[in-house]
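Heads up, the thing below is written out as structure tokens.
The values are calculated or read from the model by the stated rules, or taken from the named source; none is laboratory data. As the structure is a prediction and not an experimental result, all values here were calculated from the model. When we count neighbours, we look across all protein chains shown, and the Cβ atoms used for this are built from the backbone with ideal geometry, even at glycine. Surface accessibility is based on the protein's heavy atoms, side chains included, excluding ligands, DNA and RNA. Shrake-Rupley method; radii C 1.70, N 1.55, O 1.52, S 1.80 Å.
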Amino acid sequence: MRLCSIASGSSGNCIYVGSEKTHLLVDTGISKKRIEEGLKELDVKGEELSGILVTHEHSDHIQGLGVFSRKYGIPIYATPGTLEGIKNYSPLGKMPEGLYHPIHIDEKFILGDITVDPFKISHDANEPSGYRLECGDKSVAVATDLGKYDDYTVEKLQNLNAILLEANHDIHMLEVGTYPYHLKRRVMGDKGHLSNELSGKLLCDILHDDLKYIVLGHLSKENNYEKLAYETVKLEVTLSDNEYKGEELNMAVAKRDQISDILNV
């Protein structure tokens, strides 16, 4: 399996997950041109994609969905609530019949040789989901836009080989920053985004020897920066009571405007 962030951040998200036979995108919140440029780096053509998995209907996850999926006729998979939100997103434009495929939380389905397991996430959207993807004995997950996590989340993220995990904001930067009060409350709330500290704590709960790759994603442009997210998560792991140390992790931060390293699991 391969995992690669084409774009990740509060301004646009698009993640590639694939095998030798099956190519998928999780979200298309950037322009068609940028998606195509990212796929070219992966040596994948748009028409070779088996599907687009949508986490939720916010614009930073679907702005490129209409133009891109129409051009290549790519099936779109999302929960019924997310599909309803997508259809109500006016910039999307008219979509051809048959592209939308409803899926359901905790009901696995198969695309090519990849098994997709949608899991619920806590975010202020209609029916948002994260995704765990498995091929053979390998598994990866995309877990962003989590206001909070619980035992259910931890269970869904056990025994992974790679993860793209949200580290959205530094709490102090958010508190003293320029966001209006209501927006600060939203971001910090149970249906907002994971802080760097909470990202580190969640990571501590899912670490094991075969989790070879960790990518921190969905960083806020205004309330975080790469080195801060990286160091904070690393410190949480080092200070926790498990056997791992932050400096031992193979961890990177996904950029908002550049393709990440291609991780071969």
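Within region 232-257, being free of Cβ contacts under 8 Å to residues at least 40 places away in the same chain and open to solvent by 70 Å² or more (accessible area, probe 1.4 Å) holds for LEU235, LEU239, ASP241, GLU243, LYS245, GLU247, GLU248, ASN250.
Each residue in region 45-65 was checked for being part of a helix (DSSP H, G or I) and over 19 Å from the mean Cα position of the chain (by Cα), and 3 pass. One residue stands out in region 81-90 among those that are hydroxyl-bearing (Ser, Thr, Tyr) and open to solvent by less than 100 Å² (accessible area, probe 1.4 Å): the one that is nearest to HIS123 (Cα to Cα), namely THR82.
Which members of region 175-200 meet the condition of being in contact (Cβ under 8 Å) with a residue 12 or more places away in the chain and within 16 Å of SER122 (Cβ to Cβ)? Passing the criteria: ARG186, VAL187, MET188, GLY189, ASP190, LYS191, GLY192, HIS193, LEU194, SER195, LEU198, SER199. Residues in region 105-138 that are more than 25 Å from LEU194 (Cβ to Cβ) and in a strand (DSSP E or B): 6 in all. Filtering region 1-38 to residues that are farther than 22 Å from ASP145 by Cβ and in a loop (DSSP other than H, G, I, E, B) leaves MET1, SER19, GLU20, LYS21, THR22.
Comparison of GLY98, GLY51, GLY112, GLY93 shows that the only residue that is touching a residue at least 60 places away in the same chain (Cβ under 8 Å), over 24 Å from TYR152 (Cα atoms) and open to solvent by 40 Å² or more (accessible area, probe 1.4 Å) is GLY112. Taking each residue of region 27-45 that is among the aliphatic types (A, V, I, L, M) and looking for partners that are part of a helix (DSSP H, G or I) with beta-carbon atoms closer than 8 Å, six or more apart or interchain, yields ILE35/GLY46; ILE35/PHE68; LEU39/GLY46. For region 204-224, the set of residues classified as touching a residue at least 60 places away in the same chain (Cβ under 8 Å), buried (at least 21 other Cβ atoms within 10 Å of the Cβ) and closer than 13 Å to ILE163 by Cβ consists of VAL215, GLY217, HIS218, listed by residue number. Scanning region 54-72 for residues that are touching a residue at least 60 places away in the same chain (Cβ under 8 Å) and open to solvent by 10 Å² or more (accessible area, probe 1.4 Å) turns up GLU57, HIS58.
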